[in-house]
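What follows is a short report on a single structure.
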Amino acid sequence: MLLVTYDITDDKLRTKFSNFLKKFGYRLQYSVFEIKNSERILNLVMTEIQRRYMKHFTGADSVMIIPISESDEKKIMKFGYAKNTDEDILFL
């Protein structure tokens with residue numbers, strides 16, 4: 001799993017960036033996305049950030065990609081709404 005967190009000052013760029021991340025994962029909080037990763041996904045996200053977004057970042061903008069190993073993922077404690085993200089839903 002990857003956590004991608006960002007703080008982008010430009011509204012238009014921030015919206016484009018969040019829409020880009022929605023292709024790979026889902027929003028945990030306003031500026032935090034969880035992405036189920038593979039080496040290919042990680043490379044794709046990093047390449048796209050460097051190619052498409054980095055040139056528009058100011059000194060006040062930041063993006064962090066935090067890889068979380070499977071063993072660490074099992075140690076994550078979730079409360080409230082976040083607790084429901086691991087639940088399977090069965091539709092009949």
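Any read-out appearing in this document is the output of simple, stated calculations on the displayed coordinates, not a laboratory observation. All values derive from a computational prediction rather than experimental measurement. FYI the Cβ positions are ideal-geometry reconstructions off the backbone, even for glycines, and counts take in every protein chain you see.
So is residue 7 free of Cβ contacts under 8 Å to residues at least 60 places away in the same chain, surrounded by 11 or more Cβ atoms within 10 Å (Cβ to Cβ) and out of contact with any Cys (no Cβ under 9 Å at 6 or more places or on another chain) or not?
yes
Under 7 Å between Cβ atoms, which residue pairs at least 6 apart in sequence (or on different chains) link something in the range 26-45 that is loosely packed, with under 12 Cβ neighbours inside 10 Å with a partner that is of a type outside the set (Lys, Arg) and part of a strand (DSSP E or B)?
Pairs found: 26/33; 26/34; 36/25.
Across the range 51-81, which residue is nearest to residue 21 (Cα to Cα) among those that are among the aliphatic types (A, V, I, L, M) and assigned to a loop (DSSP other than H, G, I, E, B)?
Of everything passing the filter in the range 51-81, 68 is nearest to residue 21 (Cα to Cα).
Among residues belonging to the range 46-81 that are under 11 Å from the mean Cα position of the chain (by Cα) and of a type in the set (A, V, I, L, M), point out the one that is surrounded by the most Cβ atoms within 10 Å (Cβ to Cβ).
Taking the candidates together, the pick is 63.
Mind listing just one residue for me: the one in the range 10-25 that is of a type in the set (Phe, Trp, Tyr) and farther than 14 Å from residue 64 by Cα and, of those, surrounded by the fewest Cβ atoms within 10 Å (Cβ to Cβ)?
The selected residue is 20.
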